[in-house]
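See below for the structure under consideration.
The values are calculated or read from the model by the stated rules, or taken from the named source; none is laboratory data. If you're wondering where the values come from, they're calculated on a predicted model, not measured in any experiment. So basically every Cβ, Gly included, is an ideal-geometry build from the backbone, and we count neighbours across all protein chains shown. Ligands, DNA and RNA are excluded from the accessible area calculation, which covers all protein heavy atoms including side chains. Shrake-Rupley method; radii C 1.70, N 1.55, O 1.52, S 1.80 Å.
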Amino acid sequence: DYLSLFLFGLLNPVVRTMRGLCAASDLTRVRQEVCRRHVSLGAFSECQHLLDPALLEKVFVDLAAELPDQTQGDWRLRTHRWQARDGSLFAALPRMSWALYGGGRGVDAKAVRLHLNFNVLDLKPVRAQVTEGRRCERAVWQEHWQRGEAYIGDRYFAESYRLLDQLQEKDCVYVLRLREPATITVEEELPVSQADRRAGVLRQAWARLGATARTRSGRLRVIWVESVRGEALILLTNLAPEALPAELVVLLYRRRWQVELFFRWIKCLLGCGHWLAESPSGATLQLYLALIAAVLLQLYTGRRPTKRMLELIRFYLLGVASPEELSRGLHRELTE
């Protein structure tokens, strides 16, 4: 009942507070379709401390696995299940002292961070973790590595050269952007094909990173790419050119942007700006429920819903649209 009422609050365009949800639990249709009984403020607040967020994490992972594959990108990329790894901050309330963050938002700023693995070829989330804002993204990422996986990441994830060696030991492959300035010791120049040049590749080589023996990385491939601003960005991978041509390295990094679009969709369309629960476990429950709602919507509509499609669903929840009108409207949006 608690979780259903919570989901109802995330999707409903009217209710935005815990008090409003508890009042809604007295409505006949809400009791028929959402929760079976009256929910008091005390009971709703207490539930966030009784439920194990790991249960919702498993539900999210299982539901995400049910999403149909979109089969996006070059077929040569299908040798690995490429996952973009990133994190996004959700502003917390001043009284949520456990979520102290401070980075770039003032020393007293509070934030909750959602860490996400997103399959960039099938366009669907894979796994997620929720922490306070100040947790190191690389540390959380490392805690959840799985042997043999393939990762795409921005500059932050390549700051630790030792981490790159540990990824190699885990039999993981990666495409990461290098943060500059960096010391690059080139060991062997590699040829650049015409296809690579069309993708903007300027140069590639086997090299090591780091200025000292203590910080130096193992052997990896460095690829210099011309960006749209005319500057060169540097990409790293531990795969040989035969396994992953430079043109595909560039394509993979560009597809990393899909995870940013998913974060934006979660924040804009599901209205996660108001916290219905403020404890660490409560905030974790809310973010997992937001992810579950996103996956359920995608399973129901066959794709990630647009703003118009979500409005139709909310009209239905308000009783303004009938089930038939909802079905016709979604079909129209899907076929246009």
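For the subset of the stretch 141-184 comprising residues that are acidic (Asp, Glu) and open to solvent by less than 70 Å² (accessible area, probe 1.4 Å), which member is farthest from Ala213 (Cα to Cα)? The residue in question is Glu149. In the stretch 279-324, the residue that is surrounded by the fewest Cβ atoms within 10 Å (Cβ to Cβ) out of those that are in contact with a helix residue (DSSP H, G or I) (Cβ under 6 Å, 6 or more places away or on another chain) and over 24 Å from Ala64 (Cα atoms) is Ser279. Of all the criteria given as (1) exposed (fewer than 14 other Cβ atoms within 10 Å of the Cβ); (2) over 27 Å from the mean Cα position of the chain (by Cα); (3) not in a helix (DSSP H, G or I), the one not satisfied by His274 is (2). Could you list, in sequence order, all residues of the stretch 143-180 that are touching a residue at least 60 places away in the same chain (Cβ under 8 Å) and among the aliphatic types (A, V, I, L, M)? Within the stretch 143-180, Ala150, Ile152, Ala158, Leu164, Leu167, Val173, Val175, Leu176 meet the criteria. Every listed requirement among (1) in a helix (DSSP H, G or I); (2) surrounded by fewer than 19 Cβ atoms within 10 Å (Cβ to Cβ); (3) of a type in the set (Gly, Ala, Ser) is met by Ala240 save one, (1).
Conditions: (1) surrounded by 14 or more Cβ atoms within 10 Å (Cβ to Cβ); (2) part of a helix (DSSP H, G or I). Ser327 meets all but one. Number of the miss? Evaluating Ser327 over (1) surrounded by 14 or more Cβ atoms within 10 Å (Cβ to Cβ); (2) part of a helix (DSSP H, G or I) leaves (1) as the failure. Summed over the stretch 137-155, the residues that are within 23 Å of Val250 (Cβ to Cβ) and either out of contact with any helix residue (DSSP H, G or I) (no Cβ under 6 Å at 6 or more places or on another chain) or among the basic types (Lys, Arg) (or both) give a count of 7.
Residues that are at pLDDT 95 or above and under 23 Å from Phe118 (Cβ atoms): find the strands (runs of 3 or more DSSP E) completely inside the stretch 131-211 holding 2 or more of those.
Hits in the stretch 131-211: 150-153, 173-177.
Of all residues in the stretch 125-136, those being open to solvent by 20 Å² or more (accessible area, probe 1.4 Å) and closer than 24 Å to Leu251 by Cβ number 1. When the stretch 185-214 is filtered for residues that are open to solvent by 30 Å² or more (accessible area, probe 1.4 Å) and more than 19 Å from Pro241 (Cα to Cα), the ones remaining, listed by number, are Ala211, Thr212, Ala213, Arg214.
Report yes if Trp224 is touching a residue at least 60 places away in the same chain (Cβ under 8 Å) and either outside any helix (DSSP H, G or I) or not hydrophobic (A, V, I, L, M, F, W, C) (or both), otherwise no. Walk me through how you get there before you give the answer.
Values: touching a residue at least 60 places away in the same chain (Cβ under 8 Å): no; either outside any helix (DSSP H, G or I) or not hydrophobic (A, V, I, L, M, F, W, C) (or both): yes.
Spelling it out, it is not the case that Trp224 is touching a residue at least 60 places away in the same chain (Cβ under 8 Å) and either outside any helix (DSSP H, G or I) or not hydrophobic (A, V, I, L, M, F, W, C) (or both).
Any idea which residue in the stretch 14-29 is farthest from His274 (Cα to Cα), counting only those that are within 31 Å of the chain's Cα centre (by Cα) and without any contact (Cβ under 8 Å) to a residue 24 or more places away in the chain? Filtering first and then ranking leaves Cys22. Tell me yes or no: at least one residue of the stretch 78-92 is among the aromatic types (Phe, Trp, Tyr), in contact with a Leu (Cβ under 7 Å, 6 or more places away or on another chain) and closer than 18 Å to Leu7 by Cβ. The answer is yes; a qualifying residue exists.
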